1. For region 61-109, enumerate the residues that are in contact with a helix residue (DSSP H, G or I) (Cβ under 8 Å, 6 or more places away or on another chain) and of a type in the set (Ser, Thr, Tyr).
2. Could you give every pair whose Cβ atoms fall below 6 Å, whose first residue belongs to region 1-28 and is modelled with pLDDT under 90, and whose second residue is exposed (fewer than 10 other Cβ atoms within 10 Å of the Cβ) and among the aliphatic types (A, V, I, L, M), counting only separations of at least 6 or pairs across chains?
3. For GLU99, work out the one condition from (1) outside any helix (DSSP H, G or I); (2) touching a Lys or Arg at 6+ places or on another chain (Cβ under 8 Å) it doesn't fulfil.
Amino acid sequence: MSELMPEGAIEYWDVATRTYYERREDGTVLSRPYNEAENAQADAQTNRRALVDRVLAASRATADDIAENAVFLTRSEPTYTELLQQVQALTRQSTRQGEELSDLTRLALSRLGSTALVVE
């Protein structure tokens with residue numbers, strides 16, 4: 001067991017090794033690997049954490065995007081190079097926001113079997 005089974009616990013799920021433990025009335029502990037449903041649930045929890053982390057990172061980046069775009073809009077006559085840089089910045093922002101929308105959709109619909117961009 002990667003962690004000690006808590007004293008007095010009757011059941012214990014070891015996430016690190018994906019092993020289920022059960023304490024019998026006589027004090028002996030039986031173990032078995034996670035079954036299909038338990039593995040799916042563990043995968044979903046891992047995917048949810050990853051999606052939440054990505055959404056939070058994208059949200060922080062959005063504040064920077066807004067500030068950068070506001071600076072660009074103050075330029076009365078941007079140069080050709082500045083225009084190209086702004087198009088590149090907007091393209092990166094659009095891509096990140098699309099990924100964020102996909103992640104938010106997965107979270108809202110509880111489609112946690114994957115972290116892929118396409119939500120099935």
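1. THR62
2. Listed by first residue and then by second, the contacts come to SER2/ALA16.
3. Among (1) outside any helix (DSSP H, G or I); (2) touching a Lys or Arg at 6+ places or on another chain (Cβ under 8 Å), GLU99 violates only (1).
So that you can scan it fast, the table gives a plain yes or no per residue for (1) open to solvent by 60 Å² or more (accessible area, probe 1.4 Å); (2) under 28 Å from the mean Cα position of the chain (by Cα):
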{"site": "ILE10", "(1), (2)": "yes, no"}
{"site": "VAL29", "(1), (2)": "yes, no"}
{"site": "GLU38", "(1), (2)": "no, yes"}
{"site": "GLN45", "(1), (2)": "yes, yes"}
{"site": "LEU51", "(1), (2)": "no, yes"}
{"site": "ARG60", "(1), (2)": "yes, yes"}
{"site": "ALA70", "(1), (2)": "no, no"}
{"site": "ARG75", "(1), (2)": "yes, no"}
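The values are calculated or read from the model by the stated rules, or taken from the named source; none is laboratory data. All of these numbers come straight from a predicted model, not from anything done at the bench. Positions of Cβ are backbone-derived with ideal geometry, glycine not excepted, and every protein chain shown enters the neighbour counts. In case anyone asks, the SASA skips ligands and DNA or RNA and just uses the protein heavy atoms, side chains included. Shrake-Rupley method; radii C 1.70, N 1.55, O 1.52, S 1.80 Å.
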